[in-house]
């Protein structure tokens, strides 16, 4: 049996220093960083182009916020999971994120292990939703 490739993650945050730190953390944890974006509009475009397993997305960004970007990504790339990472600990925002199709809602103060676990689970969720390689579509 072949080796499973590492989950491919698109990192989206408007703060360059935080984005770079997240990329470094993910690489060290064994993820493949498929790309980076500084706002939701770029995130949507890159998700369509790169089809990552998971998008790690900030909530509040210029141009297009994380919730609206999540809705657009989930519509365009239904198998791609979105994990929202925000500074705002709010049950109301968490419900909005779930309604938008987010796989998980994490607060930026969460331990790195929590972020890694959420990304692993999100990637596993995507992979279980995809048909096995080489199989025919169900409606064929």
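FYI, it's all coordinate maths here, none of it is from the lab. Everything numeric here is computed off the predicted structure, so don't read it as measured data. Heads up, the Cβs are rebuilt from the backbone with ideal geometry, glycines too, and the neighbour counts pull from every protein chain shown.
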Fill in: Relative contact order for the range 19-94, counting Cα pairs under 8 Å that sit 6 or more residues apart, in percent
27
Discussion item. Compute the angle between helix 91-100 and the longest alpha-carbon principal axis of the chain, please, reported from 0 to 90 degrees and rounded to the nearest 10.
Written reply: 30
Worksheet item: Helix 40-50 versus the longest principal axis of the chain: what is the Cα-based angle in degrees, 0 to 90, to the nearest 10?
Response: 20
Discussion item. What do you get for the angle between helix 16-28 and the principal long axis of the chain? Use alpha-carbon atoms, 0 to 90 degrees, nearest ten.
Written reply: 40
Worksheet item: How much length, in nm to one decimal, is gained on full extension between residue 68 and residue 99, taken as 0.36 nm per residue of separation minus their Cα-Cα distance?
Response: 10.1 nm
Discussion item. Just the number: Rg to Rh for the range 8-110, Cα atoms, Kirkwood Rh, two decimals.
Written reply: 0.92
Discussion item. Suppose R0 equals 22 Å. What FRET efficiency, 1/(1 + (r/R0)^6) with r the Cβ-Cβ distance, do residue 45 and residue 75 give to the nearest 0.05?
Written reply: 0.95
Worksheet, complete the sentence: One finds, for residue 28 and residue 88 with R0 = 22 angstrom and r their Cβ-Cβ distance, a FRET efficiency to the nearest 0.05 of 0.25
